[in-house]
1. Can you give the charge dipole size of the chain about its Cα centre, rounded to the nearest 20 debye, using +1 on the beta carbon of Lys and Arg and -1 on the beta carbon of Asp and Glu?
2. Of Lys307/Lys363; Lys165/Lys472; Lys5/Lys286; Lys38/Lys90, which pairs sit farther than 32 Å apart, going by alpha carbon to alpha carbon?
3. Given the options Ile476, Ala497, Val487, identify the residue whose Cα lies farthest towards the positive end of the charge dipole of region 457-506 (+1 on Cβ of Lys, Arg; -1 on Cβ of Asp, Glu).
4. In debye, nearest 20: dipole of region 1-53 around its Cα centre with unit charges on the Cβ of K, R (+) and D, E (-)?
5. Within region 115-170, report the GluC sites (Glu not before Pro) that DSSP leaves as loop and that have at most 13 other Cβ atoms within 10 Å.
6. Taking the alpha carbon gyration tensor of region 102-158, what are the square roots of 5 times its eigenvalues, largest first, to the nearest whole Å?
7. Given a Förster distance of 25 angstrom, what is the FRET efficiency for Ala190 paired with Asp135, based on the Cβ-Cβ distance and rounded to 0.05?
8. Expressed in nm to one decimal, what extension gain is obtained for the pair Glu352 and Ala317 from 0.36 nm per residue of sequence separation less their Cα-Cα distance?
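Any read-out appearing in this document is the output of simple, stated calculations on the displayed coordinates, not a laboratory observation. Only a predicted model underlies this, so the values are computations on that prediction, with no experimental measurement involved. As a convention, Cβ positions derive from the backbone with ideal geometry for all residues, glycine included, and neighbour counts pool all protein chains shown.
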Amino acid sequence: MSNNKLIIFDTTLRDGEQSPGASMTRESKLRIARQLEKLGVNVIEAGFAAASPGDFAAVKAIAEAITNATICSLARASENDVRRAGEAIKPAKSGRIHTFIATSPIHMEHKLRMSKDQVIERAVMSIKTALEYTDDVEFSAEDAVRSDMDFLVQVFDEVIKAGAKTLNVPDTVGYSIPFAWGERMKELIATVPNSDKVIWSTHCHNDLGLAVANSLSAVLNGARQVECTINGLGERAGNASLEEVVMAVRTRRDIFNLETSIDTTQIVPASKLVSSITGYPVQPNKAIVGANAFAHESGIHQDGILKHRETYEIMRAEDVGWNANKLSLGKLSGRNALRQRFTALNIEFATEESFLAAFNRFKELADLKSEIFDEDLQALVSDESVSKVSEHYRLISLRAHCETGVLPIAKVVINMGGEEQDAEMQGGGPVDATFKAVEKIVNSGSELLLYSVNNITSGTDAQGEVTVRLSKGGRIVNGQGADTDIVVASAKAYLNALNKLYNKAERAHPQI
Ligand code: KIV
Ligand code: ZN
């Protein structure tokens with residue numbers, strides 16, 4: 001890559017997946033990976049292959065399916081992790097192994113219990129092992145922000161000699177501020193021998209709300225790869241948000257003088273897809289992808305915009321994919337039209353039967369809602385319809401009664417492992433009554449951590465998309481459900497979360 005190219009390394013499927021409850025199935029990851037390919041990211045960090053057999057399978061499936069981006073797997077600096085990553089990315093047209101080890105005194109002493117020499121030895125061994133699988137090897141010095149500068153220089157010198165091609169400098173704990181982060185990047189590039197032979201990368205967390213600012217400061221000081229995620233999803237307060245980094249570089253070309261390969265019109269569709277799959281809503285005032293990002297409320301602003309758009313707009317909504325939500329289909333649309341629209345949305349069905357089930361749901365929705373948008377179609381498709389995994393818990397019917405002055409009551413019928421069961425409960429509201437009735441049948445013993453409702457499109461006939469976060473035995477899952485009736489959407493979301501608790505295998509966390 002020439003020096004005015006900025007590499008966009010997307011880690012939504014790895015660091016993003018480390019957000020509580022955001023863990024995704026292989027099918028969901030594939031859908032997001034296809035959208036990331038459309039978006040034009042250079043590198044997709046598809047997961048952490050050694051975390052679990054499911055993660056391995058997801059990385060491998062993405063490596064098989066995606067041809068227009070480099071597919072990367074994370075690996076701790078251990079031989080087993082690196083070999084698992086190497087095997088998982090083998091089918092990729094272009095594959096990368098990203099290995100890392102912590103370099104800060106606090107991590108080395110308390111987490112790794114390793115000396116500096118041992119850390120260097122492990123880093124070098126991992127890179128040499130990774131090179132048996134691919135010549136595209138990235139190394140990260142975890143917690144670089146709190147690492148001693150002389151030691152960082154020594155580590156990076158050794159990993160360049162060992163054959164790493166990309167050196168990533170992470171602010172793992174979101175501690176830095178833009179000026180200091182830029183200085184750190186500048187100093188490393190100036191001091192590490194042969195620094196011009198590698199790509200320098202930045203990976204910032206958002207604990208102080210500075211991940212994008214820090215990343216951009218690193219770019220201004222020589223970084224040519226930014227690690228980021230759609231909607232800024234990620235561990236704790238998240239990672240640098242891809243859309244903000246890309247649009248800052250594009251909008252302020254006068255300052256950055258850099259190009260990315262991103263098709264910016266695919267940003268909003270990517271944001272919506274990630275939000276609906278992970279159950280992490282986008283705040284309305286979020287830059288670029290928030291519902292209000294281009295809405296001008298004040299009369300003075302509206303007047304200015306009407307007279308001359310640039311008075312208050314530095315970007316055009318259509319350039320980032322707003323208005324791209326096509327009025328897809330209507331009541332009279334047939335199977336072929338629906339199939340084509342699903343294909344355009346990168347949605348493939350595992351069986352003809354599951355496509356027909358989605359077609360029936362589409363027809364039911366078209367009876368309730370006159371205009372059906374792409375977002376509605378995305379919400380129609382659950383993991384179960386694109387995979388062969390069956391649902392253990394399935395909603396058969398729901399009746400909820402609300403009346404002022406009367407305690408709400410709900411009766412649910414669910415299919416649980418092939419057997420129909422029903423229960424009726426009262427609650428503080430219809431949703432509370434519904435969840436109580438489900439629990440009366442399932443008795444899951446889980447704790448409800450979050451309940452949220454968002455409208456998928458506008459208007460009172462819009463589908464409500466509900467997210468339910470449940471926790472049980474240290475595991476956290478998000479469930480989603482969509483329906484024009486939000487009580488039904490809530491029941492679906494609750495059952496979706498219960499299915500995830502029921503199905504999911506254990507997985508390791510990369511940073512433990
Ligand atoms: O935040 C971090 O340090 C990471 C590394 C694994 C790159 O995610
Ligand atoms: Zn991270």
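1. Values: 56 positive and 67 negative charges, 120 e Å.
Around 580 debye, computed over the chain.
2. On the way: Lys307/Lys363 43 Å; Lys165/Lys472 41 Å; Lys5/Lys286 26 Å; Lys38/Lys90 22 Å.
Result: Lys307/Lys363; Lys165/Lys472 exceed 32 Å.
3. The listed residue farthest towards the positive side: Ile476.
4. Values: 7 positive and 6 negative charges, 35 e Å.
Its charge dipole is roughly 160 debye.
5. Working: sites: Glu121, Glu132, Glu138, Glu142, Glu158; in loops: Glu132.
Answer in residue order: Glu132.
6. Values: eigenvalues 86, 28, 18 Å².
For region 102-158, the ellipsoid semi-axes come out as 21, 12, 10 Å.
7. Working: r = 26 Å, r/R0 = 1.06.
The calculated FRET efficiency here is 0.40.
8. Working: separation 35, 0.36 × 35 = 12.60 nm, distance 3.73 nm.
Fully extending the segment from Glu352 to Ala317 adds 8.9 nm.
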